[in-house]
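Quick notes on the structure that follows.
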Amino acid sequence: MLPMETLDSLGRHLRDLRISVTDRCNFRCTYCMPKELFGADHAFLPRASLLDFDEIARLARLFAELGVSKLRLTGGEPLVRKDIEKLVARLAPIPGIADISLTTNGSLLTPAKARALADAGLKRITVSLDALDDATFQRMNGVGFPVARVLEAIDNAAAAGLAPVKVNMVVKRGDNASDIEAMAGHFRHTGHILRFIEYMDVGNTNGWRLDEVVAGREIVERIGARWPIEPADPHYRGEVAKRWRYVDGGGEIGIITSVTQPFCRNCTRARLSAEGALYTCLFATRGFDLRALVRSGTDDDALRAQLAAVWHGRSDRYSELRSLQTPLQAGHKIEMSYIGG
Ligand code: SF4
């Protein structure tokens with residue numbers, strides 16, 4: 001079946017599916033899963049409520065028939081889900097899927113795991129690292145995990161053929177903003193792509209304040225003052241990160257400006273939670289329960305039609321509205337740790 005073109009109510013294509021495979025994580029990052037609120041007694045999703053690999057692969061196939069060509073595996077921390085490489089091996093052969101990537105904190109990315117993921121068909125990997133300064137990083141990840149182990153994980157990914165690795169740094173004023181230049185300096189000339197992410201009001205637990213956001217513009221100015229950079233063309237329409245390259249050939253960086261320069265206009269991303277709910281925005285307050293349909297014997301045609309109907313009805317543009325200071329939708333936003341980035 002040839003992939004269809006599926007448009008939402010603002011004319012945006014359905015291209016990307018982000019699949020959260022677990023709401024569990026072994027870190028407690030302050031901007032995502034603060035340990036004060038996600039303590040030892042936090043009730044994670046029960047195992048039986050999680051979509052199994054067959055169910056995920058079936059939904060991914062139906063999304064591909066609707067035009068999805070890129071899959072990203074997220075969490076929580078996706079590598080805490082057992083045998084995740086077996087899921088990658090199920091997704092890689094799906095017709096229409098051109099790209100499969102994964103976002104990880106790197107803590108479980110051993111040489112063997114990196115190799116297994118690459119052999120299974122993973123194309124790209126993104127590793128989160130919020131600071132080079134160990135004290136800062138250990139404070140921000142909430143579990144005292146050392147920088148050196150994440151740098152090792154990046155090397156493991158590269159050795160497994162998953163280079164260039166994208167490295168995500170969420171920049172928060174008063175927290176790790178002082179480390180911007182050190183991070184840039186470390187990754188110059190490595191071939192890896194460091195991406196600076198503006199701190200976002202995801203979920204309801206990180207106590208977000210606008211004055212703690214370091215604007216992409218400021219990050220570009222600070223780096224440009226040390227190493228001249230120039231803008232680079234996007235690889236494709238809707239690319240989340242704005243690309244900048246070092247004039248001296250030192251490689252490139254990315255800037256993700258959801259707060260100061262929102263990109264909802266070209267947002268082609270759907271999100272599937274680990275328990276099978278479909279969300280049409282990172283800042284959504286409610287999702288559509290696909291698991292009930294999957295587990296009640298709904299056939300492919302009916303399920304595909306339901307997916308398309310949800311997307312057709314989509315009008316999300318949360319970040320744009322936030323920047324226009326338009327009153328935002330009421331309700332409890334989904335947690336980043338539940339839906340992944
Ligand atoms: S705020 Fe929602 S609609 Fe806008 S870019 Fe993010 S996920 Fe897409």
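The values are calculated or read from the model by the stated rules, or taken from the named source; none is laboratory data. Everything numeric in this text was worked out from a predicted model, so none of it was measured. Don't worry about glycine lacking a Cβ; one is built from the backbone with ideal geometry, like all the others, and counts go over all protein chains shown. The protein model used for the area step is the full one, side chains on, heavy atoms only, and it has no ligands, DNA or RNA in it. Shrake-Rupley method; radii C 1.70, N 1.55, O 1.52, S 1.80 Å.
The equivalent ellipsoid of region 50-111 has semi-axes of 21, 12, 10 Å, largest first, where each one is the square root of 5 times an eigenvalue of the Cα gyration tensor.
Please identify every one of the trypsin sites (Lys or Arg not before Pro) in region 246-316 that sits in a loop by DSSP and has no more than 15 other beta carbons within 10 Å of its own beta carbon.
Here the sparse-neighbourhood loop sites are ARG286, ARG295.
Pairs of Lys residues in region 1-139, spaced 8 or more positions apart or belonging to different chains, with C-alpha separations under 17 angstrom: 5 in total. Only Cα sites of the chain enter the Debye sum here, all with the same form factor; the resulting log10 I(q)/I(0) across q = 0.08, 0.10 1/Å is -0.36, -0.57, listed in q order.
What separates the Cα centres of region 245-263 and region 1-42 is a distance of 23 Å. Simple rule: put +1 on each Lys or Arg Cβ and -1 on each Asp or Glu Cβ in region 235-341, find the dipole, and look at ALA292, THR257, MET336; the Cα lying farthest toward the positive end is THR257. When nucleic acids and ligands are ignored and a 1.4 Å probe is applied, SER128 ends up with an accessible area of around 30 Å². Largest mean-square fluctuation among LEU129, LEU293, LEU307, in a Gaussian network model of the chain whose springs join Cα atoms under 10 Å apart, belongs to LEU293.
Among the cysteines of the chain, those with no neighbouring cysteine Cβ under 4.7 Å are CYS25, CYS264, CYS267, CYS281. The apolar share of the surface of the chain, taken as the fraction of accessible area on carbon and sulfur atoms (1.4 Å probe, ligands and nucleic acids excluded), comes to 54 percent. Between helix 111-120 and the chain there is an angle of about 40 degrees, using the helix long axis and the longest principal axis of the Cα atoms.
Beyond 16 Å, how much of the Cα-Cα pair distribution for region 170-210 remains, as a whole percent? Cα-Cα pairs of region 170-210 separated by over 16 Å account for 45 percent. Counting only residues at least eight positions apart within a chain, or on another chain, the aspartates and glutamates with an alpha carbon under 13 Å from that of LYS172 are ASP130, GLU198, ASP201, ASP211, GLU212, GLU218. Counting only the backbone N, which residues of region 12-35 are under 14 Å from the spot 7 Å out from the Cα of ARG265 toward its beta-carbon? Once the point is set 7 Å along Cα→Cβ of ARG265, 12 turn out to lie under 14 Å by backbone N, inside region 12-35. Accessible surface computed residue by residue for the chain, with neighbouring protein chains in place and a 1.4 Å probe, gives 42 Å² per residue. Result for the chain in a Gaussian network model with C-alpha springs under 10 Å: among GLU152, GLU198, GLU252, the largest mean-square fluctuation is at GLU152. Bridging of LYS242 to lysines at a Cα separation below 17 Å is possible for LYS166, once same-chain residues fewer than 8 apart are set aside.
If I take R0 = 56 Å and measure r between the Cβ atoms of ASP289 and SER178 in this structure, what FRET efficiency does the formula 1/(1 + (r/R0)^6) give, to the nearest 0.05? With a Förster radius of 56 Å, E is 0.80. The largest accessible area among TRP208, TRP311 belongs to the first residue in TRP208, TRP311, and the rest follow in falling order (1.4 Å probe, all chains).
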